[in-house]
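The values are calculated or read from the model by the stated rules, or taken from the named source; none is laboratory data. These numbers were taken from a predicted model, which means no experiment stands behind them. Cβ atoms come from the backbone with ideal geometry, glycine included; neighbour counts cover every protein chain shown. What goes into the accessible areas is simple: the full protein's heavy atoms, side chains included, and nothing from ligands, DNA or RNA. Shrake-Rupley method; radii C 1.70, N 1.55, O 1.52, S 1.80 Å.
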Amino acid sequence: MRTIHKATAWFVILAFVTLLQVSALPLRAKPAPAAAETSMSSPEQGPGVIEEEGAPPAGAKKKSIVPLVLIGVGIAAVAVLALVVLKTSYDITGSWTFTMTATSSGANNPTWNPVTFTGDKKSGAFQVQGFFDGMGTYTVDGKNVTMKSTYYADWTWTGKFTGKDAMSGSSTWHDGADTLTWNWTASRNASSAAQPPSVASGPADSIRKQLLGR
């Protein structure tokens, strides 16, 4: 559908350029009427007198509506180009690889693959690998991404798309009196899983243990 919209936008622009070139061509002049049709003789007037003084001169050009049409087509082309061709739609659904870089205490550079997002482009759920405590929800607003753990009460991620297949941001985890922070980067995996991976059910597969060592 997006490809069809792009093709339509470029067709409108091409039509606009074509009409612009056509409008620049001079209009064909109407041949002047014969002298016998524009003048008459009478006993009171000499030969060659114009029948109507207010008549337009022969060959006068009529105003064209083409410029008005071009303005309308131009506005439509710009609107379609802005809304369809230039607008990027970011889709977070699928499988990603995350790398967490500690900016406070806590484990440094753990890599999670896959982190799977299921839902739609705006909101849904995520699951980190097979960690039983690695689930949460996400929302996407334009390029901005927000993630929140649904297992731990106060663990959030904020960031944004840096490309269609890349994201980055920061993460904050309040653990009692401690505040742990990380920077994170994510890249889309070449093959995205349609369903989240199976969830582990033991403490050995705990994100808390991996990141905090306890």
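Here are some notes:
- Scope the stretch 122-150; condition within 17 Å of Gly106 (Cβ to Cβ) and outside any strand (DSSP E or B); matching residues: Phe131, Asp133, Gly134
- Any chance Val115 is closer than 16 Å to Ser206 by Cα and out of contact with any helix residue (DSSP H, G or I) (no Cβ under 6 Å at 6 or more places or on another chain): yes
- A single entry from Ala166, Ala125 fulfils the requirement of being within 17 Å of the chain's Cα centre (by Cα), within 18 Å of Gly94 (Cβ to Cβ) and hydrophobic (A, V, I, L, M, F, W, C): Ala166.
- Tally of residues being of a type in the set (S, T, N, Q), free of Cβ contacts under 8 Å to residues at least 40 places away in the same chain and within 21 Å of Ser105 (Cβ to Cβ) across the stretch 154-179: 3
- For beta carbons closer than 8 Å, sequence separation of 6+ or different chains, a first residue in the stretch 196-214 that is open to solvent by less than 60 Å² (accessible area, probe 1.4 Å) and a second that is modelled with pLDDT under 85, the qualifying pairs are Leu211/Gly106; Leu211/Ala107; Leu212/Gly106; Leu212/Ala107; Leu212/Asp175.
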